[in-house]
Amino acid sequence: MAKKKAAPAKPALLAVRGITRSFGDRTILDGVDLDVRAGEAVGVVGPNGSGKSTLLRCIVGADEADAGESTLAGTVLDERRPEIRADLAIVMDDIDFFPDLSVVEHLDLVARAHSTPDAEEVVNAVLDEVGLMEVSGQLPSTLSSGQRRRLALASAFVRPRRLLVLDEPEARLDVDGVAWLGDRLVAEKRAGRGVLLVSHDADLVTRVCDRVVRLGTAAGTPDDH
Ligand SMILES: Nc1ncnc2c1ncn2[C@@H]1O[C@H](COP(=O)(O)OP(=O)(O)OP(=O)(O)O)[C@@H](O)[C@H]1O
Ligand SMILES: [Mg+2]
């Protein structure tokens, strides 16, 4: 009897090949490969200093790898390219805000800059979802650290995206906030988006991620002199 042919594997939305990065004589990343398919979440875990943030920065083109390449839907990934910026929502840990734009003005700006359809409705829905409605008129400097984190996350959710790249998005969130984030990232996958998640929260990684890439022990620790 003829065997059923297996369905062909979906091509990767994000394909990372051979990313290598050294600082001085310390090699932090040595030929890292990973794929994220549409509708899939991949976790990146490892101790402090193991290179997780460096890997994300090299992937999105915010840092230049010594070797290797990342492609998003077949196009070399560089966050300065408009066609890449349209598809890629990034939440890193070093988000800056304009000091004189309120919460709602930030989200409006991001939504309109990325031509989000029905920007006003989307911004209101996301403000409500992340619990920032009450502080929507406040300036970033007057927000609590968790509220600033929620604003950074909200900025990713008011714009079109095919891939989310998140560096410790759970940092500073309260228990309900982390639970919401887990639900939201699962919903992102269901909507066919890819998620690349660096996190120290094992429960969040288990809940959201289909696969996990583990980076090695922190290079150079403990200090040996
Ligand atoms: N621009 C730089 N110059 C020199 N060393 C750097 C630079 N950026 C990162 N490093 C080093 O590379 C290593 C990896 O840093 P990275 O921030 O990627 O770690 P991480 O896995 O994200 O850690 P954490 O869990 O603390 O966020 C660290 O030892 C760090 O000091
Ligand atoms: Mg980091």
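The values are calculated or read from the model by the stated rules, or taken from the named source; none is laboratory data. Because the structure is predicted, anything quoted here is derived from the model rather than measured. All Cβ positions, glycine included, derive from the backbone under ideal geometry; neighbour counts span all protein chains shown. Please note that ligands, DNA and RNA were not included when accessible areas were found on the heavy atoms of the full protein model with its side chains. Shrake-Rupley method; radii C 1.70, N 1.55, O 1.52, S 1.80 Å.
Observations on the structure shown:
- Share of carbon and sulfur in the accessible heavy-atom surface of the range 1-136 [1.4 Å probe, %]: 49 percent
- Gyration tensor (alpha-carbon) shape descriptor, the chain, a/c threshold 1.5: oblate
- Backbone N within the range 39-65 under 15 Å of label point (7 Å from Ser22 Cα along the Cβ vector): 65
- Debye intensity ratio in log₁₀ form over the Cα atoms of the range 94-160, taken at each q of 0.17 Å⁻¹: -0.49
- Ordering Phe97, Phe23, Leu197 by the projection of their Cα atoms onto the charge dipole of the chain, which places +1 on the Cβ of Lys and Arg and -1 on the Cβ of Asp and Glu, puts Leu197 at the extreme positive end.
- Dividing the mean sequence gap of close Cα pairs (under 8 Å, 6+ apart) by how many residues the chain holds gives a relative contact order of 29 percent.
- Full-extension gain in nm, Ala67 to Glu134, via 0.36 nm per residue minus C-alpha separation: 19.5 nm
- Annotation for Ser144 and Arg85: the two label points, set 7 Å from Cα along the Cα-Cβ direction, are 3.3 nm apart.
- Based on protein heavy atoms only, the chain ends up with 53 Å² per residue of surface accessible to a 1.4 Å probe.
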